[in-house]
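S.K.: Quick one: this structure, given as structure tokens, is what I'll be asking you about.
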Amino acid sequence: MNMAIRVFLLLLIIFSSMYPTLCIYEDQVGHMDWHQQYIGKVKHAVFHTQKAARKRVVVSTEENVVASLDLRRGEIFWRHVLGPKDVIDALDIALGKYVITLSSGGTILRAWNLPDGQMMWESTLSGSTPSMSLLSVPTNLKIGKDDVVFVYGSGCLYAVASIDGEVIWKKELTSEGVHIQQLIYPDGTDIIYAVGLAGLTQFDAYQINVKTGELLKHSSMVFPAGFSGDLSFITSDIAVTLDSTGSILVAVHFQDGEISFHQTQVSELGWDFSGPAVLLLTKLPGMFALEINKSIVFIKVTNEGKLEVVDKLGQSTAVSESLNLSEGQQAFGLIQRGDGKIFLSVKLGSDWTSNLLQETIQMDYQRGNAHKVFINTYVRTDRSNGFRALIVMEDHSLFLLQQGEIVWSREDGLASITDVMASELPVEKDGVSVAKVEHNLFEWLKGHLLKLKGTLMIATPDDVAAIQKLRLQSSEKSKMTRDHNGFRKLLIVLTRAGKLFALHTGDGRIVWSLFLDSLRKSETCQNPRGLSLHQWQDPHHHVLDENPSVLVVGRCDHSTDSPGVLSVVDTYTGQERNHLGPTHSITRVIPLPFTDSAEQRLHLLLDVNRQAHLYPRTTEALDIFQRELGNIYWYSADVDKGILKGHAVQNNCILKIADSYCFNTRDLWSIILPSESEKIIATATRNLNEAVHTQAKVTSDQEVMYKYISKNLLFLATVAPKAVGPVGSVTPEESWLVVYVIDTVTGRILHRMTHHGSQGPVQAVFSENWVVYHYFNLKAHRYEMSVIEIYDQSRSDNKDILKLLLGKHNLTSPITAYSRPEVIAKSQSYFFTHSVKTLAVTSTAKGITSKQLLLGTIGDQVLALDKRFLDPRRTVNPTQAEKEEGIIPLTDSLPIIPQSYVTHALKVEGLRGIATVPAKLESTTLVFAYGVDLFFTRLAPSRTYDSLTEDFSYALLLITIAALVIAIFVTWIWSEKKELQEKWR
Amino acid sequence: MRTRYSSSLAFLFLSILLVNLSLFVSNSFAFQSDEFLADDEEFGIEGGRTPDPAVPTQPVSSPPSVRKRSSDLVSDPDSKFQFSLEHAFGDSDFSPAGTFSARLRTWSHGGQTLTKLRFSRNGLSETEKENFKKLLEGDDFYRIRVPSNVLTPPGREYIVSSVKARCLPRDGLDEHFMIHMEGVNILAVNYGSPGSCPYPRQLKIPAKWSFKSHTVLKNSEQAPRTPVFTEEVVGENAEGELPPPERSFWAKYWMYLIPLGLIVMNAITQAMNMAEEPGTGTGQPGAQTQQAVAGVQRGQTNAVRRR
């Protein structure tokens, strides 16, 4: 019997030591995490199909990504994410093996190796004046022995050797404020033309010797009526532009330094055009395009310089650049939008009426209009020209079309997520047959036997592969119903294009996507963009049959006073329930802690006129709101002026049309930061949904500390106005960082502290009663992280048990912001090696599990750091009792443990944010990191103390139990026998 | 020798100076709690007469002249000046309610701080009392404001703070100001009652219509420095190596000493036995020991059998 117990205990110990959660093993990658790579909305695309074993297309995007995509499947061969300020202006292929990019306003020229994406060279082209940046790669031009590329940037024209990036010559062209708009190099000549406008009234053309950079001729001509600004180049010696009123077309001939203008009234073109015209920047053979009256007009320039209208198409037409075919012909592609489909046509430059290719492709309405099209030609099996087209849709997705079919598509809208929200999945209902997880007993047993083999390390490599496959494919994690542990959820993400996606947390697939009508370009809303997502309805008590929904808030333009748009979207079905707008402007959305009988959350939307609007617009909501009117406070910060103000609701608005859902606001308090010494650079508030398990914190010496927990706390960081710039722009003496903790109901400053010799950028995260922030210490030349913890002193005298028994305590007294808070703030600072892009904190369902900070490092990885390292009670030599409490001895810097990288070997390129969502299982939190890439995983900051791991071998457990039972019987029989023998002795 | 002596003297002097200075500075950074000793007589409201709010109860010089003085501060390290507190009932306009007077101290490093802040409140007029009662009934806000710059009021803008009027009444009207300063700029005023004010707030009309004011001036705090351990860590390591020698001789070698002691004791007893053997009572102890051994053996067998 004893032995049996011992064996059992031993096994228990073995099991309990088997749960690896702090870091994962190599074979667990992809088990509970997923990683998706995107590139963003494509700006430029260059095909590389000739003489290439692997056909590819090289693209640059609005997320500053250079990538090479497989033309067959759309996969990424290689990809480089340039910095957020390193905007790519031009892209081309030189020498047939280098991808040349021009970025950062024409100052950085890079060459990437086409097959593997390695950077071959980089040249910094320093210039003085900012200007347009242009790149021209001539096909057959050698200066000396080198092939060259021409670059115009920062007011200078450069000839750069394409083999090593060396500048061969440089010519400054800014003499008279000329803005060069085009470089024209007629093949086989010795002259390059740089053409542009000076001050919108003068047309300038330079002729430059390509070999030496010598200025051969500079001709200019003044156009007194003034130009509209853009030039459209028809051939190598004709440009077309509009005058400043947009009613006269001006054709400019600039052959051999002779400039002449030919003016044509837009109205004279026929087709009764009215209204100002806008020139579209197209590169069409012998043609240009105008936008008049919401339609696009194609105009041909004949050899005699006459203008001829060719066609008039709808506004949603996209045109490609011209493509050189054999025999000197040029072709271009057109995409038009139909109902549920798009029409692709490829035409010859010389002939508008006939099409080389006409295809109709089914296209989801959710994709919007085509924004861009790039065409490429190939030789068909019958030796004729075939065309493929790469199109970029309004939702930023990318398609390759060939032979009337979609070859592949990429959801690159997901590279620009602006907001994330988690939503529950539907509950598994009886009667609805959800795919049986375990097909049959045999399969189940086989699976577990395999796992057992793996655990006992007797698995063959084939078995290991099978186990891995089983793990990754486990249908359990990608089911469309709620699970017991709350791991399966929907991530609702809003992208910059205004599209809403629902991603499944199990495998990251797109469950539904919706391109909101309210966030599409329309006549009333010219430039819409999504702002934020809010939980609109989250039914969990008495209205379970309702589906949860989210509120999408958008704005019609970039300025804050532009009208706002609202829509409510069902998260189960992905259907828009209702929408509103364009309506009043929206500066802020405040979710109120009240819900109506349908569990719709009340929201207060503030506009620029400082009026508050209540949503949903129901009388019930209004009743609830009127009851709580006096308890609603919020704050606003004017970053430019350095003023913080507190507000409350006052009374109904006085408007022309009575609106009982509109309220005036009043100012309650203000904090004015001295403008000469402080400038706001960062704020942080607590997440309103955060659960705090206990207010009390028992210290090692049996003392109780009470956390000051208030949802109305604001962390504010200011720096000296001089120190707003990057690190290194100021000396330590003239820079400081002031941090505040402010109660936003009364405007009390609970804590104020100055870090001398420190500067931003500041990243901060606020949780429970603590705030952690990251900044740069100029004196120590290092990054630092500090923690402030706030404790409530007014409750600290509740330690007397006698008092507690007699009820003489104030534990049950309500907390109010109007009491004078007796708080103490504890603070400590530590050095930290990395600079940090973003900070977040894990959140769990009940807040019992200890917290981890999630740092988005400069290397685009996510690092988890225990909050215990940022505890102001750390001392150099903690006492035994403090050690037992878990206080780590104080060190001057925070450790970076390589195993605690949440993203393990992966990178979340262009990391912008980290969202954490509590799972139902208390120990676990879901982490979603987004940037250009997406990454999702599960974290257990204190290990999974409340569950077995998913690959726990139940078979092993069963076998063990069986073996134990047998062992018990055997030993029992033995002992019986022995006893009998003893008695007979 | 002599020069060194003098230099050390100078050093001593300097250090004393420094200590003095640091004491002074630390004083200035700590709380400057100047509780106003509210003398109810000073308010002169008991009798219910209506004092003219424009007339401050404390004899003070007129503000313009003070401002003039504040302009030539550098020559005068300690200059007296004052700034006013204004109040509003609900959404009414602001009207003067009291005066803060303080001294401005100019430090040698150029900074300026306020010291000796005193506050005198004007009495409430009848209309103000009525307004206040209305506030109490409506559970509305009582608002105050002060200039954001004390030398050139109102500075950029006024600092506003407000409290639910029902929080103030105790016996009289208790108020508490905490003024956050940065040099001569006021950042914020935390205004409220000194005690707690839980929701729902009860309507209570004060017995005495006079304010009991507490003012606290708060300056910026320094953040604690990041500890730098490079030297200490080395020291710690050295310490970590030191402890072994500290252990006593006994603690180190007890495992050898005890057997040694036992052997010695054994040897001594044996030697004594040897010495006594020729004597009379030799058989007895031997028999006793034999018995004891037998007993032990018996016990063992018993135990074995029991098992």
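Values in this text are rule-based calculations from the coordinates and carry no lab data. Treat the numbers as computed from the prediction; the structure is a model and nothing was measured. FYI the Cβ positions are ideal-geometry reconstructions off the backbone, even for glycines, and counts take in every protein chain you see.
S.K.: Cut-off is 10 Å between beta-carbons; in what order do A:Ile654, A:Ile749, A:Ile391 appear when sorted fewest neighbours first?
M.R.: Ordered by Cβ neighbours within 10 Å, fewest first: A:Ile654, A:Ile749, A:Ile391.
S.K.: Compute the length gained on full extension between A:Gln336 and A:Asp70: take 0.36 nm times their separation in residues and subtract their Cα-Cα distance, giving the result in nm to one decimal.
M.R.: That pair, A:Gln336 and A:Asp70, stretches by 93.2 nm at full extension.
S.K.: List the GluC sites (Glu not before Pro) within region A:566-663 that fall in a DSSP loop (any state other than H, G, I, E or B) and whose Cβ has at most 14 other Cβ atoms within 10 Å.
M.R.: Here the sparse-neighbourhood loop sites are A:Glu628.
S.K.: Quick one: go through region A:611-646 and flag any residue whose amide nitrogen is under 20 Å from the point 7 Å out along the Cα-to-Cβ line of A:Lys711.
M.R.: A:612-617, A:621-637, A:646
S.K.: Hey, another quick one. Restricting the calculation to Cα positions, tell me the Rg (one decimal) and the Dmax (whole number) of region A:638-735 in Å.
M.R.: In Å, with Rg to one decimal and Dmax whole: 20.6, 66.
S.K.: Along the positive direction of the dipole of chain A (beta-carbon charges: Lys, Arg +1; Asp, Glu -1; about the Cα centre), which of A:Phe254, A:Ser518, A:Thr139 reaches farthest?
M.R.: Highest projection toward the positive end goes to A:Ser518.
S.K.: Once you have the Cα-Cα distance between A:Thr524 and A:Thr891, take 0.36 nm times their residue separation minus that, and quote the gain in nm to one decimal.
M.R.: Stretched out fully, the A:Thr524 to A:Thr891 stretch lengthens by 126.2 nm.
S.K.: Follow-up question, since we're still on this one. Which value in nm describes the separation of the simple spin-label points at B:Ser92 and A:Ile824, placed 7 Å from the Cα toward the beta carbon?
M.R.: Reported label-point gap for B:Ser92 and A:Ile824 is 4.3 nm.
S.K.: More than 21 Å apart: what percent of Cα pairs in region A:698-773 qualify?
M.R.: Of the Cα pairs, 42 percent sit more than 21 Å apart.
S.K.: Between A:Thr245 and A:Leu980, what is the label-to-label distance in nm when each label sits 7 Å out along the Cα-to-Cβ direction?
M.R.: It is 12.2 nm.
S.K.: With viscosity set to 1.306 mPa s at 10 °C, what whole-number translational diffusion coefficient in µm²/s follows for region A:80-224 from Stokes-Einstein and a Kirkwood radius over Cα pairs?
M.R.: In µm²/s, the coefficient is 103.
S.K.: Averaged over peptide A:673-682, how many Cβ atoms belonging to another chain are found within 10 Å of each residue's Cβ?
M.R.: 3
S.K.: Now for a different question. How are the alpha carbon pair distances in region A:243-324 distributed across 10 Å bins from zero to the largest one, expressed in percent?
M.R.: Whole-percent P(r) values from 0 Å outward: 16, 51, 29, 4.
S.K.: What ranking of B:Met265, A:Met785 emerges when the number of other C-beta atoms within 10 Å of each C-beta is taken as an exposure proxy, fewest first?
M.R.: B:Met265, A:Met785
S.K.: Turning to a different aspect of this structure: When the chain is fully extended, how far beyond the present Cα-Cα distance does A:His558 get from A:Glu304, taking 0.36 nm per residue of separation?
M.R.: Here the segment from A:His558 to A:Glu304 would lengthen by 87.0 nm.
S.K.: Using +1 at the Cβ of each Lys and Arg and -1 at the Cβ of each Asp and Glu in region A:295-432, identify which of A:Val427, A:Ile391, A:Phe332 lies farthest towards the dipole's positive end.
M.R.: A:Phe332
S.K.: With unit charges on the beta carbons (Lys and Arg positive, Asp and Glu negative) and the dipole taken about the Cα centre of chain A, which residue among A:Thr571, A:Thr49, A:Gly213 sits farthest to the positive side?
M.R.: So the residue we want is A:Thr571.
S.K.: How many partner chain Cβ atoms sit within 10 Å of a residue's Cβ in peptide B:218-224, on average, as a whole number?
M.R.: 6
S.K.: Could you calculate, for region A:24-146, the ratio of the Cα radius of gyration to the Kirkwood radius, expressed as Rg to Rh?
M.R.: Taking Rh as the inverse mean 1/r over Cα pairs, Rg/Rh reads 1.05.
S.K.: Okay, next question. For q values of 0.04, 0.06, 0.09 Å⁻¹, compute log₁₀ I(q)/I(0) with the Debye formula on a Cα-only model of chain A, without solvent.
M.R.: Results for chain A at q = 0.04, 0.06, 0.09 Å⁻¹ read -0.26, -0.58, -1.20.
S.K.: So, in nm, how far is label A:Val970 from label A:Ser700 when the simple model puts each one 7 Å beyond its Cα toward the Cβ?
M.R.: Placing both labels 7 Å along Cα→Cβ, they lie 4.9 nm apart.
S.K.: What's the FRET efficiency of A:Ser295 with A:Gln403 using the Cβ-Cβ distance as r and R₀ = 41 Å, to the nearest 0.05?
M.R.: 0.85
S.K.: Test of understanding: ordering A:Arg72, A:Arg383 by Cβ neighbours within 10 Å, fewest first, what list do you get?
M.R.: Ordered from fewest to most neighbouring Cβ atoms within 10 Å, A:Arg72, A:Arg383 come out as A:Arg383, A:Arg72.
S.K.: Here is a follow-up. Quick one: the Cα spread of region A:134-288 along its three principal axes, in angstroms, biggest first?
M.R.: Answer, in whole Å and largest first: 56, 30, 25 Å.
S.K.: When the gyration tensor of region A:442-566 is built from Cα positions, what are the square roots of 5 times its three eigenvalues, in whole Å, from largest to smallest?
M.R.: Output for region A:442-566: semi-axes of 45, 18, 10 Å.
S.K.: Then there is this: Which lysines, on any chain, are close to A:Lys300 with Cα under 16 Å apart, when same-chain ones fewer than 8 places away are left out?
M.R.: A:Lys283, A:Lys312, A:Lys347
S.K.: Moving on. How long are the semi-axes of the equivalent ellipsoid of region A:184-264, taking √(5λ) for every eigenvalue λ of the Cα gyration tensor, in whole Å from largest down?
M.R.: Square roots of five times the eigenvalues give 24, 12, 9 Å.
S.K.: Sticking with this structure for a sec: What average count of beta carbons from other chains do you get within 10 Å of the Cβ of residues in A:875-882?
M.R.: Per residue, the number of nearby Cβ atoms from other chains is 1 on average.
S.K.: Which FRET efficiency value, to the nearest 0.05, do you get for A:Arg873 and A:Leu456 by plugging their Cβ-Cβ distance into 1/(1 + (r/R0)^6) with R0 = 51 Å?
M.R.: Result of the calculation: an efficiency of 0.70.
S.K.: So, with +1 on the Cβ of K and R and -1 on the Cβ of D and E, and no other charges, what is the size of the charge dipole of chain A about its Cα centre, to the nearest 20 debye?
M.R.: The dipole magnitude comes to about 2200 debye.
S.K.: Averaging over every viewing direction, what projected area does the convex hull of the Cα atoms of region A:282-376 cover, in nm²?
M.R.: With the hull built on Cα positions only, its mean projection is 6.5 nm².
S.K.: With axes computed from alpha carbons, what is the tilt in degrees of helix A:2-16 against the longest principal axis of chain A, rounded to the nearest 10 within 0 to 90?
M.R.: Between helix and principal axis, roughly 20 degrees.
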